[in-house]
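Rule-based calculations on the coordinates, nothing more; no lab input. Bear in mind the structure is a predicted one, so any value in this text is a computation, not a measurement. Don't worry about glycine lacking a Cβ; one is built from the backbone with ideal geometry, like all the others, and counts go over all protein chains shown.
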Amino acid sequence: MNLTSPSFAEGDTIPTKHTCEGADLSPLLRWTDPPAGTQSFAIACVDPDAPAGTWVHWVLFNLPPALRELPEGSKAANLPQGAHEGTNDFGRFGYGGPCPPRGPAHRYYFTLYAVDTTLALGRGARLHELNRAMERHILGEGRLMGRYARKR
C-alpha cells in the first residue's frame, strides 16, 4: 500500500498547522492498493525520538475498507460510522500533533494497516491494545514519515 499526504512528502517537514504550535490538525492522508480481503483500516502515528521513548500521537481503527482518504482535521465527529479514535500519549482521544522539546527534528511515522477483520476494540483503545488485536490480522502496511522541530 502507498500512503501519502499533500501536506508533506516522505522525510519532509510537517507543516506547523499539523502540530501543537499551530492548529493541531491531523494531515489529509491518502492511500492506494489495499490487499484483497481488507475488512478495515487502522492508523497510528508515533514519534520514536521522544525523550521518554516512543510517543503515540494518534490511534484510529475500524475505518471502512472502501475508504481511500482521511480528511484533514479528522475527529470523532467526522469519522465514518463504526470507526473509533484511540487514546494518544497526551491522554486524549484522537490526534495530538508533533510537539517535541526544543532541539533536533523528531521523526513522525504515520502507519496505515490493512486488517482482515473489524477489531473488537472500543473508543479509547491504546496503541498496545490495537497492536495486540491486529496480531495475525494485518494484510499490509503503508508508511509515511515526516519531521518536525520546535520553532518556539
**Request:** Look at the stretch 95-123 and say how many of its residues are small (Gly, Ala, Ser) and surrounded by fewer than 20 Cβ atoms within 10 Å (Cβ to Cβ).
**Result:** 4
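Per-residue answers, yes or no, for (1) closer than 24 Å to PRO80 by Cβ; (2) β-branched (Val, Ile, Thr):
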residue: ALA9; (1), (2): no, no
residue: LYS17; (1), (2): yes, no
residue: PRO35; (1), (2): yes, no
residue: THR38; (1), (2): yes, yes
residue: PRO51; (1), (2): no, no
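The rows are residues; the columns are (1) more than 16 Å from the chain's Cα centre (by Cα); (2) under 21 Å from ALA120 (Cα atoms).
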position: CYS20; (1), (2): no, no
position: ASP24; (1), (2): no, no
position: ASP33; (1), (2): yes, no
position: PHE61; (1), (2): no, yes
position: LEU79; (1), (2): no, yes
**Item:** Among the candidates ARG150, ARG68, residue that is surrounded by 15 or more Cβ atoms within 10 Å (Cβ to Cβ) and of a type in the set (Lys, Arg)
**Value:** ARG150
**Message:** Given the condition under 14 Å from ILE43 (Cβ atoms), touching a residue at least 60 places away in the same chain (Cβ under 8 Å), touching a Gly at 6+ places or on another chain (Cβ under 6 Å) and not acidic (Asp, Glu), answer yes or no: does some residue in the stretch 131-143 qualify?
**Reply:** no
**Message:** Go through the stretch 5-16 and report how many residues are assigned to a loop (DSSP other than H, G, I, E, B) and surrounded by 15 or more Cβ atoms within 10 Å (Cβ to Cβ).
**Reply:** 5
**Request:** Output the number of the condition that ASP89 fails; it satisfies all remaining conditions of (1) surrounded by 16 or more Cβ atoms within 10 Å (Cβ to Cβ); (2) over 24 Å from THR13 (Cα atoms).
**Result:** (2)
**Prompt:** Is there a residue being free of Cβ contacts under 8 Å to residues at least 60 places away in the same chain and either on the phi < 0 side of the Ramachandran plot or over 16 Å from the mean Cα position of the chain (by Cα) (or both) anywhere in the stretch 111-118?
**Reply:** no
**Asked** What do you reckon, is ALA50 more than 14 Å from the chain's Cα centre (by Cα) and exposed (fewer than 14 other Cβ atoms within 10 Å of the Cβ)?
**Response** no
**Message:** Any residue at all in the stretch 17-38 that's more than 14 Å from GLY146 (Cβ to Cβ), polar (S, T, N, Q), assigned to a loop (DSSP other than H, G, I, E, B) and in contact (Cβ under 8 Å) with a residue 24 or more places away in the chain?
**Reply:** yes
